[in-house]
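K.L.:
Pasting a structure below so you can have a look.
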Amino acid sequence: MTKYAIADVKARWILDSRANPTVETELRTEGGTVAVAAVPSGASKGEFEALELRDGESAFHGLGVKKAVDNVNSIIGPKVKGMDVREQKQIDDTMIALDGTPNKSKLGANAVLSVSLAVARAAALAQGMQLHEWISKLYHRKPLLPVPFSNVLNGGEHAGNDLSIQEFMVVPVGLKTFHEALQAVSEIYVSLRSYVTKRYGAVAKNVGDEGGVAPPMGNTQEALSALESAITDAGYSNGKEIRLAIDAASSTFFINGKYKIDGRLLTKEELMDYWKQVIAAHKIMSIEDPFEQNDFETTAKFTAQVKPLQVVGDDIFVTQIARLKRGIDVGACNALLLKVNQVGSLTEAVDAGLLAIKSGYSVMVSHRSGETTDDFIADLAVGLGTGQIKTGAPARGERVAKYNRLLKIEDDTGIPYAGPSIASKS
Ligand code: 2PG
Ligand code: MG
């Protein structure tokens, strides 16, 4: 037994940012290191995501995680006991084999992931390293402070307004450091809040699931104009230091073969033209899930036509190698959204990220709309050097936890900010 051997694994339920229970795991090594990790949860989930195990009983409206917690405590824990926390892949492979299903439906992706993330954190702590340092070392990557894609205005399934598009983001690509970039995001967010409050009244102070304002609006142009005004009001300019990005999450408004947006029903061809207009009119640099999750063909056609625009695949790829390979083969998207819980283990999520990078795709590490204050993804984005992170508005504790962790990493290490490299690509 070395000090790196797993001595004890204990899971419990905690709450996420939508008042639903989620799994937190505490892992102790023989050397006395204690590491804790918690699992996030999505609202606009991809059809092919790994299974988040829920109890389906009356408690928590069916969303209890008692079974997932038990699976960690009585099945996974005993199995991984004694294993070396530095052997991330070996431990993840053991849990994948123990589950034995293609989508982790037996043990639950939430159960498996909580252990997987706690293992990585324990390995870093036990070796006296920061988590991002350990991730860089483990995956042979050069660290970078990521550009935040900050979702300052919420729509779709994350808000109670009539916007079809789920996320309207500001992207501080033209700033020199992460500190300056986050300052710009904060200033724009506060300007946006006063802009919408003036226009829509105090109701516009309400925020959506990811902390962005959620004014009662129903039109895409209206939302993008609000962002542009806020950028100017805060003393920046769209197309210079700041760029705009959207996550359409278009599967959520794909109804009977058509896309319901701005009060109209569009065919995929009409939606393609619509995107092109919006992108040109508002200098958008990145669009996520522009077409529904199974339409690889239209997504590929679009990606080729809008070059060098960044086209990010979230629901279409669900951080899974097989779907990503299919996308790469046909040229659907040119960037991967990396969400650890879509596949359910750190090893598999990073494998998808590394395949994307090898294939010339960009990678954006992402939170979920249901989050905890766990800041794992901040270190993941830095350690993998992906250059991009999506972690909501600069408001509400579960979003701010990641931003504040990134501030600390920049402060402590002087790792370079990815802004300039992203700006030159777009
Ligand atoms: C998305 C995410 C995160 P959810 O669609 O990209 O912003 O939302 O977690 O609800 O899937
Ligand atoms: Mg998305």
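The values are calculated or read from the model by the stated rules, or taken from the named source; none is laboratory data. Since the structure is predicted, the reported quantities are computational estimates derived from the model, not experimental observations. Here Cβ is always computed from backbone atoms with ideal geometry, including for glycine, and neighbour counts include all displayed protein chains. Ligands, DNA and RNA are excluded from the accessible area calculation, which covers all protein heavy atoms including side chains. Shrake-Rupley method; radii C 1.70, N 1.55, O 1.52, S 1.80 Å.
K.L.:
Could you please give the count of residues in segment 327-342 that are among the charged types (D, E, K, R) and in a loop (DSSP other than H, G, I, E, B)?
P.N.:
The total comes to 1.
K.L.:
For segment 52-62, which positions are part of a helix (DSSP H, G or I) and either in contact with a helix residue (DSSP H, G or I) (Cβ under 6 Å, 6 or more places away or on another chain) or open to solvent by 40 Å² or more (accessible area, probe 1.4 Å) (or both)?
P.N.:
Ala59, Phe60, His61
K.L.:
With the condition kept exactly as written, say whether any residue in segment 40-51 is aliphatic (A, V, I, L, M), away from ligand 1 (no atom under 16 Å from the Cβ) and either in contact with a Gly (Cβ under 8 Å, 6 or more places away or on another chain) or open to solvent by less than 30 Å² (accessible area, probe 1.4 Å) (or both).
P.N.:
For segment 40-51, residues aliphatic (A, V, I, L, M), away from ligand 1 (no atom under 16 Å from the Cβ) and either in contact with a Gly (Cβ under 8 Å, 6 or more places away or on another chain) or open to solvent by less than 30 Å² (accessible area, probe 1.4 Å) (or both): absent.
K.L.:
Working only within segment 228-238, note down all residues that are open to solvent by 70 Å² or more (accessible area, probe 1.4 Å) and touching a residue at least 12 places away in the same chain (Cβ under 8 Å). Please lay out each step first, then the result.
P.N.:
Narrowing segment 228-238 to residues open to solvent by 70 Å² or more (accessible area, probe 1.4 Å): 232-233.
Scanning segment 228-238 gives a single hit, Asp233.
K.L.:
Just the residues that are exposed (fewer than 15 other Cβ atoms within 10 Å of the Cβ) and within 16 Å of Phe168 (Cβ to Cβ), please, taken from segment 191-205.
P.N.:
Result: Arg199, single match.
K.L.:
Would you mind finding the one in Val9, Val65 that is over 18 Å from Ser369 (Cβ atoms) and either touching a strand residue (DSSP E or B) at 6+ places or on another chain (Cβ under 7 Å) or not charged (D, E, K, R) (or both)?
P.N.:
Val9
K.L.:
Now for a different question. Given the conditions (1) under 24 Å from Pro420 (Cβ atoms); (2) in a loop (DSSP other than H, G, I, E, B); (3) among the small types (Gly, Ala, Ser), and given that Ala230 satisfies all but one, which numbered condition is not satisfied?
P.N.:
(2)
K.L.:
Also, quick follow-up: Out of the residues in segment 239-252 that are at negative phi and open to solvent by less than 30 Å² (accessible area, probe 1.4 Å), state the one that is farthest from ligand 1 (Cβ to nearest atom).
P.N.:
Ile242
K.L.:
Filter segment 408-418 down to residues that are out of contact with any helix residue (DSSP H, G or I) (no Cβ under 6 Å at 6 or more places or on another chain) and at pLDDT 95 or above and give me whichever is nearest to Glu241 (Cα to Cα).
P.N.:
Ranking the candidates gives Ala418 first.
K.L.:
Of Gln293, Gln305, Gln320, Gln310, which residue is more than 16 Å from ligand 2 (Cβ to nearest atom) and at pLDDT 95 or above? Walk me through how you get there before you give the answer.
P.N.:
On the way: Gln293 fails: more than 16 Å from ligand 2 (Cβ to nearest atom); Gln320 fails: more than 16 Å from ligand 2 (Cβ to nearest atom); Gln310 fails: more than 16 Å from ligand 2 (Cβ to nearest atom).
Matching residue, one of Gln293, Gln305, Gln320, Gln310: Gln305.
K.L.:
Could I ask something else about it? Out of the residues in segment 259-289 that are of a type in the set (D, E, K, R) and without any contact (Cβ under 8 Å) to a residue 60 or more places away in the chain, which is nearest to ligand 1 (Cβ to nearest atom)?
P.N.:
Among those that are of a type in the set (D, E, K, R) and without any contact (Cβ under 8 Å) to a residue 60 or more places away in the chain, it is Asp289.
K.L.:
Further question: If the Cβ limit is 9 Å and pairs must be 6+ apart or interchain, which residue in segment 355-370 that is of a type in the set (Asp, Glu) pairs with which residue that is within 15 Å of ligand 2 (Cβ to nearest atom)?
P.N.:
Note: no pairs meet the criteria.
K.L.:
Ser359: open to solvent by 30 Å² or more (accessible area, probe 1.4 Å) and more than 14 Å from ligand 2 (Cβ to nearest atom), yes or no?
P.N.:
Judged against the criteria, Ser359 is a match.
K.L.:
Let me ask you something else. Test Val36 against the criterion of being closer than 19 Å to Ala401 by Cβ and in a strand (DSSP E or B), and give yes or no.
P.N.:
Values: closer than 19 Å to Ala401 by Cβ: yes; in a strand (DSSP E or B): yes.
Taking the combined requirement at face value, the residue satisfies it.
K.L.:
Are any residues in segment 290-322 open to solvent by less than 10 Å² (accessible area, probe 1.4 Å), within 19 Å of Leu266 (Cβ to Cβ) and within 12 Å of ligand 1 (Cβ to nearest atom), and if so, which ones?
P.N.:
Within segment 290-322, Asp315, Ile316 meet the criteria.
K.L.:
Would you call Ile255 modelled with pLDDT of 95 or more, surrounded by fewer than 18 Cβ atoms within 10 Å (Cβ to Cβ) and either of a type outside the set (Asp, Glu) or within 16 Å of ligand 1 (Cβ to nearest atom) (or both)?
P.N.:
So Ile255 passes the test.
K.L.:
Identify, please: which residue in segment 135-157 is open to solvent by 10 Å² or more (accessible area, probe 1.4 Å) and within 16 Å of ligand 1 (Cβ to nearest atom) and is, among those, farthest from Leu346 (Cα to Cα)?
P.N.:
Ranking the qualifying residues of segment 135-157, first place goes to Gly156.
K.L.:
Give me the pairs: first residue in segment 77-103 and within 21 Å of Glu133 (Cα to Cα), second residue basic (Lys, Arg) and open to solvent by 10 Å² or more (accessible area, probe 1.4 Å), beta-carbon distance under 9 Å, and six or more apart or on different chains, which are they?
P.N.:
From residues that are within 21 Å of Glu133 (Cα to Cα), the pairs are Val85/Arg121.
K.L.:
For segment 129-142, name all the residues that are closer than 22 Å to Val80 by Cα and either outside any helix (DSSP H, G or I) or of a type in the set (Val, Ile, Thr) (or both).
P.N.:
The answer is Ile135, and nothing else.
K.L.:
Need pairs with beta-carbon distance below 9 Å; first residue closer than 13 Å to Lys176 by Cβ and within segment 403-426, second aromatic (Phe, Trp, Tyr); sequence gap 6+ or separate chains.
P.N.:
These pairs meet every condition: Glu410/Phe178; Glu410/Tyr417; Tyr417/Phe178; Ala418/Phe178; Gly419/Phe178.
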